[in-house]
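Here's the structure, in structure tokens; my notes come after.
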């Protein structure tokens with residue numbers, strides 16, 4: 001009996017240690033946002049109302065076009081990094097929600113979009129904007145629930161599941177200086193997209209500047225400024241959705 005208790009205590013300590021190490025690793029490897037930009041845009045303005053519920057950052061436009069955008073962040077990227085993107089979308093009439101993913105990894109929150117749709121039932125159509133890992137996970141959501149998503153915007157991402165026969169519109173956007181996106185896999189997995197998918201290359205853009213978390217390790221140096229890349233991305237989303 002005493003041996004069992006000691007064994008149980010030992011296993012418990014090991015589990016706690018592993019959890020601590022995992023949390024520490026995630027925290028130390030997460031890219032955090034530029035808080036100056038967050039403070040500038042995460043406020044209620046004439047153009048939109050800002051609120052935070054259940055960890056999600058929500059931007060509700062003053063002039064609402066009844067279209068919604070759900071942002072799936074990149075892996076180990078602070079969701080606040082997409083605040084400027086969402087604020088700019090709200091200025092043009094879209095309700096925009098940045099989803100807070102468990103451990104900042106969208107793979108643990110594939111169906112988070114449903115929670116947002118349930119909260120905003122008055123929205124008539126939805127798009128997912130997924131950056132990097134968030135784009136790949138957005139593909140998985142669309143694979144299973146294409147009826148719920150009008151458009152999927154892939155930002156520096158590829159789709160490794162087959163959605164080629166689905167009705168969801170797909171727009172792929174990446175920067176010419178992106179050194180994070182595996183372009184060979186990207187080209188291989190193009191076959192998984194609908195034949196009428198749209199590809200837009202941001203000349204001078206990179207992988208990191210879809211958000212405001214600085215330069216990701218291994219990424220190319222952008223010619224575009226961080227804000228210019230986001231503004232161009234917003235313009236493309238407006239064009240196709």
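The values are calculated or read from the model by the stated rules, or taken from the named source; none is laboratory data. Quantities reported herein were computed from a predicted structural model and do not represent experimental measurements. Using ideal geometry, Cβ is built from the backbone for each residue, glycine included, and neighbour counts are taken over all protein chains shown.
Could you list, ordered by first residue, the pairs with Cβ atoms under 8 Å in which the first is in region 143-157 and in contact (Cβ under 8 Å) with a residue 12 or more places away in the chain and on the phi > 0 side of the Ramachandran plot and the second is buried (at least 16 other Cβ atoms within 10 Å of the Cβ) and assigned to a loop (DSSP other than H, G, I, E, B), at least 6 apart or interchain?
Qualifying pairs under 8 Å: 156/74; 156/132; 156/178; 156/180; 156/181; 156/207.
Only residues in region 84-98 that are under 10 Å from residue 60 (Cα atoms) count as the first member; pair them with residues that are in a helix (DSSP H, G or I) and at pLDDT 95 or above, Cβ under 7 angstrom, at least 6 apart or cross-chain, and list the lot.
87/41; 89/234; 89/237; 96/86; 96/89; 96/90; 97/116
Is there a residue being over 18 Å from residue 77 (Cα atoms) and without any contact (Cβ under 8 Å) to a residue 40 or more places away in the chain anywhere in region 124-136?
No, that holds for no residue.
Just to be sure before I move on: is residue 175 within 15 Å of residue 75 (Cα to Cα) and crowded, with 23+ Cβ neighbours inside 10 Å in the structure I sent?
The answer is no for residue 175.
Please find, among 180, 128, 171, 123, the residue that is modelled with pLDDT of 95 or more and closer than 14 Å to residue 106 by Cβ.
Going through 180, 128, 171, 123 in turn, just one is modelled with pLDDT of 95 or more and closer than 14 Å to residue 106 by Cβ: 128.
Restricting to region 178-204, name every residue that is free of Cβ contacts under 8 Å to residues at least 40 places away in the same chain, surrounded by fewer than 20 Cβ atoms within 10 Å (Cβ to Cβ) and part of a loop (DSSP other than H, G, I, E, B).
Selection gives 182, 194, 195, 196, 197, 203, 204.
What number of residues within region 210-241 satisfy the criterion of being touching a strand residue (DSSP E or B) at 6+ places or on another chain (Cβ under 7 Å) and without any contact (Cβ under 8 Å) to a residue 60 or more places away in the chain?
Residues meeting the conditions: 4.
Residues in region 66-80: is at least one outside any helix (DSSP H, G or I), farther than 23 Å from residue 214 by Cβ and out of contact with any strand residue (DSSP E or B) (no Cβ under 6 Å at 6 or more places or on another chain)?
Checked region 66-80: at least one residue is outside any helix (DSSP H, G or I), farther than 23 Å from residue 214 by Cβ and out of contact with any strand residue (DSSP E or B) (no Cβ under 6 Å at 6 or more places or on another chain).
Under 6 Å by Cβ, and 6 or more places apart or on different chains, what pairs join a residue from region 64-81 that is surrounded by fewer than 22 Cβ atoms within 10 Å (Cβ to Cβ) with one that is assigned to a helix (DSSP H, G or I) and modelled with pLDDT under 95?
What qualifies is 76/29; 76/104.
Give me the residue from region 206-224 that is closer than 27 Å to residue 164 by Cα and part of a loop (DSSP other than H, G, I, E, B) and, out of that set, farthest from the chain's Cα centre (by Cα).
If we take residues in region 206-224 being closer than 27 Å to residue 164 by Cα and part of a loop (DSSP other than H, G, I, E, B), then 206 is farthest from the chain's Cα centre (by Cα).
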